[in-house]
Every structure is written in C-alpha cells, then in structure tokens.
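One structure is given below, encoded as structure tokens.
The values are calculated or read from the model by the stated rules, or taken from the named source; none is laboratory data. Because the structure is predicted, anything quoted here is derived from the model rather than measured. Every residue, glycine among them, receives a Cβ derived from its backbone with ideal geometry; neighbour counts consider all protein chains shown.
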Amino acid sequence: MIVNIAGVGITKGGIHWGDLQLEHGYGMVAAQLQAGRANDLLGVAFAARRDNPIRYVLYHPGFTRSGDLSPLPPVLRASIRAAARLSARPVTESVAPIHDFIDRPPSAPLTAIDRDKPVPLTLSTLDPADAERLAGITGSLLATIRGRS
C-alpha cells in the first residue's frame, strides 16, 4: 500500500504540457500547483497498471501546522503563521487517517481523500489519459537519465 500525502481534490493549476519545467513563466504558486497535479496524475497512472496488487491512496490532510516557512518572504511567513493559528489542523489530527489506511487498506486500486471526504475519481485533475501521458513522459526522462550513468 502507498499513502501519498497529496493535494488531491484541489482543482486549481494544471500541467503545462508545453513547458513542463516552467522555463517560460515560472512562478512559485504555478510550480506548486503543477507539482500537485503531477503528483496526483502519477498516482492515477501507478494504480492503473495491469495486475498491480498495490493499493494507492492520494490523501490531502488539509491545512496542517507543519513545515519550514523560512524560505518564504517574511510577510508571507507571518501571514501563513497567523492563518495556521486560526484554522490549521495539528499534525496528529492530520496524520490519524493514515493509520486507518494502513490498518484497513481500501479494496479499490486507487482511493482519493480530501480532508476525510472521498474525492470522485472522475475529477478532471485525475484524468486517466493525462495520467498515462505524464507517466510516459516521466518514463522517457528517467530512461534518458539512466542512459547517462
């Protein structure tokens, strides 16, 4: 079983197919959103493999009081800390469902959960064709890297 801490359920952002490395128009938010969508799609592709006995859970715990904010600008750090005091979940609460996934794995090859609510696998950000496309591109990139060693 794989439990992937993801942003599943968030529909903002997408894959910039013509500029996967965001060389033209990089922005921190755009990169984070693309990374989230790519993460979700690679989970979809993994779960779709034929004869794959491994169950895959995309789990979005929601806003959680965790992480290192030091790379962010001071004003943004302060804003996030203030918001976290008001609405972020403690880490123990966010990770609790992971124990349930491990103790009682889902029967479906792919499960998507956003803050304790199931996410429909028909969501556009979980499109199987996009997942296969990204998996193919990723496989090609990995083969190129392996060929260099």
Residue that is surrounded by the fewest Cβ atoms within 10 Å (Cβ to Cβ), among those in region 53-84 that are without any contact (Cβ under 8 Å) to a residue 12 or more places away in the chain and of a type in the set (Ser, Thr, Tyr): Ser70
Search result, residues across region 101-120 that are part of a helix (DSSP H, G or I) and either surrounded by 14 or more Cβ atoms within 10 Å (Cβ to Cβ) or of a type in the set (Ser, Thr, Tyr) (or both): Phe101
Cβ-Cβ under 8 Å pairs, at least 6 apart or on other chains, region 15-43 side modelled with pLDDT of 90 or more, far side assigned to a helix (DSSP H, G or I) and among the β-branched types (Val, Ile, Thr): Leu20/Ile137; Arg37/Thr125; Asp40/Thr125; Leu41/Thr125; Leu42/Thr138
Residue within region 81-98 that is under 29 Å from Ala135 (Cα atoms), charged (D, E, K, R) and part of a helix (DSSP H, G or I) present: no
Lone qualifier among Asp40, Asp68 - being charged (D, E, K, R) and either within 24 Å of Thr122 (Cβ to Cβ) or assigned to a helix (DSSP H, G or I) (or both): Asp40
Search result, residues across region 130-145 that are of a type in the set (Gly, Ala, Ser) and over 13 Å from Trp17 (Cα atoms): Gly139, Ser140, Ala143
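Per-residue answers, yes or no, for (1) in contact with a Gly (Cβ under 7 Å, 6 or more places away or on another chain); (2) among the hydrophobic types (A, V, I, L, M, F, W, C); (3) at pLDDT 90 or above:
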| residue | (1), (2), (3) |
| --- | --- |
| Ile80 | no, yes, no |
| Leu86 | no, yes, no |
| Phe101 | no, yes, yes |
| Ala108 | no, yes, yes |
| Glu132 | no, no, yes |
| Thr138 | no, no, yes |
Single condition Val8 does not satisfy, out of (1) part of a loop (DSSP other than H, G, I, E, B); (2) of a type in the set (A, V, I, L, M); (3) more than 10 Å from the chain's Cα centre (by Cα): (3)
Residue satisfying all of: in region 43-52; in contact with a Pro (Cβ under 8 Å, 6 or more places away or on another chain) and assigned to a loop (DSSP other than H, G, I, E, B); surrounded by the most Cβ atoms within 10 Å (Cβ to Cβ) among these: Ala48
